[in-house]
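> Quick one: the structure is below, and I'll ask about it shortly.
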Amino acid sequence: MLKYKELKLALEEFLLEDFPHAEGDEIEAIVTHWLQTPSKKVPFLTASMHEYCVSRVQSLLAESEEERFLIKQPVPAYRFSLPIEWTNIPFPPVQHPSFTFIDLFAGIGGFRIAMQEQGGKCVFSSEWDPHAQKTYEANFGEVPYGDIRKINEKEIPDHDILCAGFPCQPFSLAGVSARNALHTAHGFACETQGTLFFDIVRIVKEKRPRVLFLENVKNLVGHDEGKTFSVIRNTIESIGYSFSYKVIDASPLVPQKRVRCYMVCLRDGKGPFDFPVISGPPIPLRTILEKEVDDSYTISAKLWQGHKRRTKNNLARGTGFTAFCADLDKPANTLVARYGKDGKECLIPQKSKTPRMLTPRECARLQGFPESFIIAPGKTTAYRQFGNSVAVPVIRLIAEEIATHLRQNKKERTKK
Ligand SMILES: C[S@@+](CC[C@H](N)C(=O)[O-])C[C@H]1O[C@@H](n2cnc3c(N)ncnc32)[C@H](O)[C@@H]1O
């Protein structure tokens with residue numbers, strides 16, 4: 001078997017040497033996407049680059065004595081995977097996929113974990129944040145492509161499901177009030193972030209996936225008196241999809257109040273989609289706490305005093321932030337990207353000490369990530385990534401329903 005990291009480095013080196021015109025920034029994305037799906041349908045991979053990768057892999061395989069027999073199979077025969085050892089990659093590609101999907105605004109891959117569990121094969125991912133790209137690669141053995149606005153939709157491989165937790169800052173309550181205070185645009189009027197929904201639309205128009213699976217903050221539904229949501233619904237319906245949505249609180253599945261809007265859109269009048277019922281008592285925060293936590297997570301007495309003073313003043317004024325120690329018998333408040341700044345959303349009480357912040361592993365658990373998930377090395381980075389991410393168990397249950405829908409449809413089509 002060839003080792004993922006060595007193979008990646010070798011191909012990257014060869015390609016950069018012989019194809020200096022190759023999209024420099026995207027070379028890691030090209031190589032790692034090709035390793036997951038060794039075909040010509042990798043964005044920005046030319047036919048000659050593909051041939052080159054094939055011959056390189058064959059000669060590397062030939063060098064490895066025990067793998068000599070594998071050479072008998074031409075590389076394209078490994079349509080879904082090369083003989084790669086995904087050492088230390090916890091979520092390698094699915095071997096015999098039953099459907100394909102793409103992961104847009106991929107973050108650290110919350111959607112991908114759930115879709116792979118259902119037998120899905122990711123054929124394209126995009127995420128422009130370099131730190132999130134690193135975490136994504138560490139877990140899935142693939143570097144996502146960068147800015148989606150710069151990717152021609154024709155380059156994206158065909159797929160059954162399009163997944164996208166598109167950026168929510170322009171629609172989130174905090175984002176809207178901060179933007180109002182600064183007199184800057186929010187919603188679709190926010191040029192850098194607000195229009196990314198239309199990048200999804202241009203991809204859908206070209207690729208016509210069977211299902212769209214979208215996620216955003218709950219405020220999307222009421223934003224701008226419902227006008228933003230109407231635009232989203234009408235646009236999706238106008239391109240031939242049904243539009244179903246549900247606002248779901250994740251707290252029966254993870255110990256966190258996380259209320260989000262999930263949208264599932266089905267092509268060719270196959271809707272409406274039946275969302276799974278997610279109910280039950282909320283999970284207490286204490287169930288995911290680590291036993292031994294380093295003192296570096298304890299907040300300073302000065303910061304704690306500051307939190308208490310501001311809480312008192314803000315309560316009196318009836319506005320502004322409040323910070324309390326968390327009730328361990330209840331779910332935590334919503335984890336947000338800025339949690340690492342001062343931890344005010346969730347502080348864990350400690351005996352004879354000021355409270356402490358959650359550890360990154362605890363944040364991973366709050367979002368329902370498996371224990372094998374590799375967390376980013378820096379604390380602030382890890383907090384931001386989990387704050388931006390999805391609650392995996394909610395995505396998992398919806399993904400199960402979507403996979404069932406695809407299977408039923410397939411049966412119907414084969415009957416006809
Ligand atoms: C709400 S987060 C989605 C997180 C993801 N669902 C997860 O499970 O981690 C949105 C992501 O979109 C990324 N993003 C924003 N604008 C982008 C763009 N133009 N191209 C690619 N990624 C972008 C952000 O860096 C962020 O990680």
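> Being out of contact with any strand residue (DSSP E or B) (no Cβ under 6 Å at 6 or more places or on another chain) and farther than 15 Å from ALA114 by Cβ: is that true of ILE395 here?
no
> Assuming LEU212 fulfils every condition listed in (1) assigned to a helix (DSSP H, G or I); (2) closer than 18 Å to VAL390 by Cα; (3) not polar (S, T, N, Q) apart from one, which condition is it?
Of the numbered conditions (1) assigned to a helix (DSSP H, G or I); (2) closer than 18 Å to VAL390 by Cα; (3) not polar (S, T, N, Q), the odd one out for LEU212 is (1).
> Let me ask something else. Within region 108-147, count every residue that is near the ligand (Cβ under 8 Å from one of its atoms) and surrounded by fewer than 23 Cβ atoms within 10 Å (Cβ to Cβ).
Going through region 108-147 one residue at a time, the tally reaches 5.
> Quick one: in region 376-416, which of the residues that are among the hydroxyl-bearing types (Ser, Thr, Tyr) and within 16 Å of the ligand (Cβ to nearest atom) is surrounded by the fewest Cβ atoms within 10 Å (Cβ to Cβ)?
So the residue we want is THR380.
> Failed condition for VAL221, given (1) under 27 Å from THR404 (Cβ atoms); (2) at pLDDT below 95; (3) in a loop (DSSP other than H, G, I, E, B); (4) away from the ligand (no atom under 12 Å from the Cβ), with all others met?
In the conditions (1) under 27 Å from THR404 (Cβ atoms); (2) at pLDDT below 95; (3) in a loop (DSSP other than H, G, I, E, B); (4) away from the ligand (no atom under 12 Å from the Cβ), VAL221 misses (3) alone.
> Checking the structure you have, find out if any residue of region 237-256 is farther than 30 Å from ARG286 by Cα, crowded, with 16+ Cβ neighbours inside 10 Å, in contact with a His (Cβ under 9 Å, 6 or more places away or on another chain) and touching a residue at least 12 places away in the same chain (Cβ under 8 Å).
no
> Right, next: Of the conditions (1) modelled with pLDDT under 95; (2) away from the ligand (no atom under 14 Å from the Cβ), ASP158 satisfies every one except a single condition; which number is it?
If we test ASP158 against (1) modelled with pLDDT under 95; (2) away from the ligand (no atom under 14 Å from the Cβ), just (1) comes out false.
> Pick out, from region 300-416, the helices (runs of 4 or more DSSP H) lying fully within it that include 2 or more residues that are free of Cβ contacts under 8 Å to residues at least 24 places away in the same chain.
Those helices (runs of 4 or more DSSP H) span 301-317, 392-415.
The values are calculated or read from the model by the stated rules, or taken from the named source; none is laboratory data. Note that this is a predicted model, so its numbers are computed, not measured. A quick note on method: Cβ atoms are made from the backbone with ideal geometry, for glycine too, and the neighbour counts reach across all protein chains shown.
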